[in-house]
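A.B. asks: Got a structure for you, written out below as structure tokens; questions coming shortly.
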Amino acid sequence: MKNKKILITGAGGFVGKNLTVTLLQKGYTNLYLYDRSNTQEDLEKFCSDCDFVFHLAGVNRPVDNKEFYTGNTDFSKTLLDTLKAKNNNCGIIVSSSVQALLDNDYGKSKKMGEDLFLSNSFNPSYIVRLYGVFGKWSKPNYNTVVATFCHNVAHGLPLQINDPNYELTLCYIDDVVSKFIDIFENQSDYKQGFFEIDTLHKITLGRLAKTIESFGKNRDTLIMPDLSSLLEQRLYGTYLSYLDTDKFSYPLKKNEDNRGWLAEFIKSEGFGQIFISTTKPGITRGDHWHHTKVEKFFVISGKAEISFRHMITNEIIRYTVDGNNPTVVDIPVGYTHNIKNIGDTEMICLFWSSQIFDPNNPDTYYTKVDI
């Protein structure tokens, strides 16, 4: 299977790039990559030798609508004719669109292409009708609105929304590639005809814009977007892929005093917040307690003593931890607590709090542990 020779038309496009890297990752190395830079001679050479075809080539946004038919219909006929001329009856996966059901030039050109494959008895054909595909390497202002929104937010450009209530149906590039490869690897399990991607996502245009805009605000507010749904996780990953290469990093606000420094890292309405601090030898931080807020302390470098005193019984408990033995210490409610650097070097500690700090309702009461 791994030594099969695979022809990918439209290999330089959004779906083609993702399919190519995934096939290579899975060990398929005999790939014939065909795109607009190739010639008819190249196509004839590839068609004479390939064992399978992923037909992804097509036109989405031409200058002239006639290009829909030359790119989506005529080239499909050229591909089939070339395979037949080379007496190659290999299987073909055809990337089509649900717009083949619509009465517009793009849809009609796609439908005419589908009909060519359905009427062809020489090559087994598997037509996958796609909804709006999104993910890494998609071209803004060309492939999908997701790409355009991600690009614009990442570059500080405005979003144009004609109807915020319009509902989109989207599919994710990894699901598309997985479906393609499953059909290819298990061809005998599939009957020729039409297929759709198993996992589809629905979202209104307004909600999509709001979600992607929240990704752009993360670095200023440190508040992570809600990633509880699969769609939001995939949108966030897609958004980050549109950052310029010199914008991958961003600074955090460093609050520094004679004890060391502290910086907030991540905040989330549902998760709380994470921050990190350094503490100089002999210095104690904390000496406060909470009614509701809970925390976790994780010393990642240096040596510390974490002390607790119960607010009712006054019982004192102490834990010694160091960065050489990764240990998390929970900070329950009702205990005043502190952390002291008892080593000879600077201590670095990672903190998690169940709530984002609210200066108007801090739930933090300063009381010394040792009395």
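A.B. asks: Filter the range 86-97 down to residues that are free of Cβ contacts under 8 Å to residues at least 40 places away in the same chain and more than 13 Å from G113 (Cβ to Cβ) and give me whichever is most open to solvent (accessible area, probe 1.4 Å).
C.D. replies: Among those that are free of Cβ contacts under 8 Å to residues at least 40 places away in the same chain and more than 13 Å from G113 (Cβ to Cβ), it is N87.
A.B. asks: With the requirement that a residue be farther than 30 Å from T144 by Cα and open to solvent by 90 Å² or more (accessible area, probe 1.4 Å), what does the range 233-264 give you?
C.D. replies: So in the range 233-264, the residues farther than 30 Å from T144 by Cα come out as 251-264.
Scanning the range 233-264 gives P251, K253, K254, E256, N258.
A.B. asks: If only one of F275, F271 is surrounded by 14 or more Cβ atoms within 10 Å (Cβ to Cβ) and at pLDDT below 95, which one is it? Reasoning before the result, please.
C.D. replies: Values: F275 fails: at pLDDT below 95.
Answer to the check: F271.
A.B. asks: In the list I300, I283, I312, I317, which residue meets the criterion of being among the hydrophobic types (A, V, I, L, M, F, W, C), surrounded by fewer than 18 Cβ atoms within 10 Å (Cβ to Cβ) and within 40 Å of the chain's Cα centre (by Cα)?
C.D. replies: After applying the criteria, what remains is I300.
A.B. asks: Can I ask one more? Determine if the range 193-204 includes at least one residue that is out of contact with any strand residue (DSSP E or B) (no Cβ under 6 Å at 6 or more places or on another chain), farther than 30 Å from C349 by Cβ and touching a residue at least 40 places away in the same chain (Cβ under 8 Å).
C.D. replies: Yes: one or more hits.
A.B. asks: Quick check, is N120 part of a loop (DSSP other than H, G, I, E, B), modelled with pLDDT of 95 or more and either at negative phi or surrounded by 18 or more Cβ atoms within 10 Å (Cβ to Cβ) (or both)? It would help to see each step written out before you state the result.
C.D. replies: Details: part of a loop (DSSP other than H, G, I, E, B): yes; modelled with pLDDT of 95 or more: no; either at negative phi or surrounded by 18 or more Cβ atoms within 10 Å (Cβ to Cβ) (or both): yes.
Spelling it out, it is not the case that N120 is part of a loop (DSSP other than H, G, I, E, B), modelled with pLDDT of 95 or more and either at negative phi or surrounded by 18 or more Cβ atoms within 10 Å (Cβ to Cβ) (or both).
A.B. asks: Quickly run through the range 321-354 and pick out the residues that are of a type in the set (S, T, N, Q), buried (at least 16 other Cβ atoms within 10 Å of the Cβ) and touching a Pro at 6+ places or on another chain (Cβ under 9 Å).
C.D. replies: N341
A.B. asks: Looking at V53, V15, V63 in this structure, which one is hydrophobic (A, V, I, L, M, F, W, C) and either farther than 19 Å from V128 by Cβ or at pLDDT below 95 (or both)?
C.D. replies: On the way: V53 fails: either farther than 19 Å from V128 by Cβ or at pLDDT below 95 (or both); V15 fails: either farther than 19 Å from V128 by Cβ or at pLDDT below 95 (or both).
Among V53, V15, V63, only V63 is hydrophobic (A, V, I, L, M, F, W, C) and either farther than 19 Å from V128 by Cβ or at pLDDT below 95 (or both).
A.B. asks: Something else: Could you identify the single residue in D51, D74 that is surrounded by fewer than 18 Cβ atoms within 10 Å (Cβ to Cβ) and under 27 Å from S178 (Cβ atoms)? Working first, answer last.
C.D. replies: Values: D74 fails: under 27 Å from S178 (Cβ atoms).
D51 is the lone residue from the list that is surrounded by fewer than 18 Cβ atoms within 10 Å (Cβ to Cβ) and under 27 Å from S178 (Cβ atoms).
A.B. asks: Against the condition buried (at least 16 other Cβ atoms within 10 Å of the Cβ), touching a helix residue (DSSP H, G or I) at 6+ places or on another chain (Cβ under 9 Å), among the small types (G, A, S) and farther than 18 Å from Y142 by Cα, how does G58 come out, does it pass? Before you say what the answer is, go through the steps one by one.
C.D. replies: On the way: buried (at least 16 other Cβ atoms within 10 Å of the Cβ): yes; touching a helix residue (DSSP H, G or I) at 6+ places or on another chain (Cβ under 9 Å): yes; among the small types (G, A, S): yes; farther than 18 Å from Y142 by Cα: no.
Against the criterion (buried (at least 16 other Cβ atoms within 10 Å of the Cβ), touching a helix residue (DSSP H, G or I) at 6+ places or on another chain (Cβ under 9 Å), among the small types (G, A, S) and farther than 18 Å from Y142 by Cα), G58 does not qualify.
A.B. asks: For residues in the range 103-147 being of a type in the set (A, V, I, L, M) and within 22 Å of E185 (Cβ to Cβ), which is farthest from the chain's Cα centre (by Cα)?
C.D. replies: I127
The values are calculated or read from the model by the stated rules, or taken from the named source; none is laboratory data. This structure is a prediction, so every number in the text was calculated from the model and none was measured. Because the Cβ atoms are built from the backbone with ideal geometry, glycine has one as well, and the counts that use them run over all protein chains shown. In case anyone asks, the SASA skips ligands and DNA or RNA and just uses the protein heavy atoms, side chains included. Shrake-Rupley method; radii C 1.70, N 1.55, O 1.52, S 1.80 Å.
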